[in-house]
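**Q** Next up is a structure, given as structure tokens.
The values are calculated or read from the model by the stated rules, or taken from the named source; none is laboratory data. Everything quoted here is computed from the prediction, not taken from an experiment. Cβ atoms come from the backbone with ideal geometry, glycine included; neighbour counts cover every protein chain shown.
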Amino acid sequence: MNLIPITSPRFIEPELLTTLPDWSQIFGNQNPVALEIGSGMGDFVAQMAVLHPDWNFIAIDYYNKGCLKTCKRIDKAGLDNVRVVRDEARAFLERCIPPESLRAVIINCPDPWPKQRHRKRRLVNTDFVNFLGGFMRPGADFYFATDFDDYGLDVADLMPQVDTFINVLAPDHYRHELEGYPLSKYMLKFMGEGKRIYFVHYRRC
Ligand SMILES: C[S@@+](CC[C@H](N)C(=O)[O-])C[C@H]1O[C@@H](n2cnc3c(N)ncnc32)[C@H](O)[C@@H]1O
């Protein structure tokens, strides 16, 4: 497959990610590291990086054009606390993230796989949340957002059953607005179509 090359200094070449990297060396500091899975065009991570200059962000997506656009955006804004990775999230986590290390994991508008027979392809389910929990430090935030009613309700229902997380939004299981949380490209698109976003926010115990 011919990939448009990404030459940004904030793009981490796949060759550097074959084993566990030294993240503090990559970012040049010891700040906590947050991961956005499926970062798309990078508009969300760019806003978060401005809101949290004392966090480092890894934006991961397996879509090359998205990684390229994210790099252009963060390079233009001079956001030194963001790095972009082109990879599949599960494989990347297993290979490149130490256990109980992440400060936050963020998943915005993951592919909804709306057809009933495709639902098992959805990224977020109980197994995946348990898997993620293993890479998150105690106190780490987990954010999930979707425009898809059924996906939002599914995740809101499964989270209380994962006993390593507590609900930050209790007694609500989800909200349709989350103060201080930036809006991603897809969120804005779906809100423009009159859809509501389901926000879920939990914290690792
Ligand atoms: C619907 S888009 C949402 C993009 C962005 N988060 C937003 O809200 O605007 C979902 C993105 O997740 C990426 N993606 C889906 N599954 C992934 C996985 N397992 N690992 C990495 N990226 C993934 C896709 O390539 C796509 O860019």
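**Q** With the requirement that a residue be part of a helix (DSSP H, G or I) and touching a helix residue (DSSP H, G or I) at 6+ places or on another chain (Cβ under 7 Å), what does the range 143-158 give you? Let's see the steps before the verdict.
**A** Our first condition is that a residue be part of a helix (DSSP H, G or I); within the range 143-158, this holds for 149-158.
If the condition is that a residue be part of a helix (DSSP H, G or I) and touching a helix residue (DSSP H, G or I) at 6+ places or on another chain (Cβ under 7 Å), then LEU158 is the only one that fits.
**Q** Away from the ligand (no atom under 16 Å from the Cβ), on the phi < 0 side of the Ramachandran plot and part of a helix (DSSP H, G or I): which single residue out of ARG117, ARG137, ARG103, ARG90 fits that description?
**A** Details: ARG137 fails: part of a helix (DSSP H, G or I); ARG103 fails: part of a helix (DSSP H, G or I); ARG90 fails: away from the ligand (no atom under 16 Å from the Cβ).
After ruling out the rest, the residue left standing is ARG117.
**Q** When you scan the range 54-64, do you find a residue that is more than 17 Å from ILE97 (Cβ to Cβ) and surrounded by 20 or more Cβ atoms within 10 Å (Cβ to Cβ), even just one? Spell out how you get there, then give the answer.
**A** The initial filter retains those residues of the range 54-64 that are more than 17 Å from ILE97 (Cβ to Cβ), namely 54, 63-64.
Then drop every residue that is not surrounded by 20 or more Cβ atoms within 10 Å (Cβ to Cβ), which leaves none.
No: the range 54-64 contains no residue that is more than 17 Å from ILE97 (Cβ to Cβ) and surrounded by 20 or more Cβ atoms within 10 Å (Cβ to Cβ).
**Q** Further question: Residue under question is PRO160, and the condition is that it be surrounded by fewer than 16 Cβ atoms within 10 Å (Cβ to Cβ), without any contact (Cβ under 8 Å) to a residue 60 or more places away in the chain and more than 16 Å from the ligand (Cβ to nearest atom); does it hold?
**A** Values: surrounded by fewer than 16 Cβ atoms within 10 Å (Cβ to Cβ): yes; without any contact (Cβ under 8 Å) to a residue 60 or more places away in the chain: yes; more than 16 Å from the ligand (Cβ to nearest atom): yes.
So PRO160 fits the description; yes.
**Q** Also, I was wondering about something else. Among the residues of the range 165-183, are any crowded, with 16+ Cβ neighbours inside 10 Å, among the polar types (S, T, N, Q), at pLDDT 95 or above and in contact with a Cys (Cβ under 9 Å, 6 or more places away or on another chain)?
**A** no
**Q** Within the range 67-92, can you find the residues that are under 14 Å from the mean Cα position of the chain (by Cα) and buried (at least 20 other Cβ atoms within 10 Å of the Cβ)?
**A** Residues of the range 67-92 that are under 14 Å from the mean Cα position of the chain (by Cα), as a first pass: 67, 70, 82-90, 92.
Across the range 67-92, the qualifying residues are CYS67, THR70, VAL82, ARG83, VAL84, VAL85, ARG86, ALA89.
**Q** Same structure again: When both residues are 6+ apart or on different chains and their Cβ atoms are under 7 Å apart, which pairs have a first residue that lies in the range 82-97 and is under 11 Å from SER39 (Cβ atoms) and among the aliphatic types (A, V, I, L, M), and a second that is within 12 Å of the ligand (Cβ to nearest atom) and in a loop (DSSP other than H, G, I, E, B)?
**A** As it stands, the answer is none, since no pair meets every condition given.
**Q** Could you grab me the full set of residues in the range 11-45 that are buried (at least 20 other Cβ atoms within 10 Å of the Cβ), assigned to a loop (DSSP other than H, G, I, E, B) and not hydrophobic (A, V, I, L, M, F, W, C)?
**A** Hits for the range 11-45 are GLY38, SER39, GLY40, GLY42.
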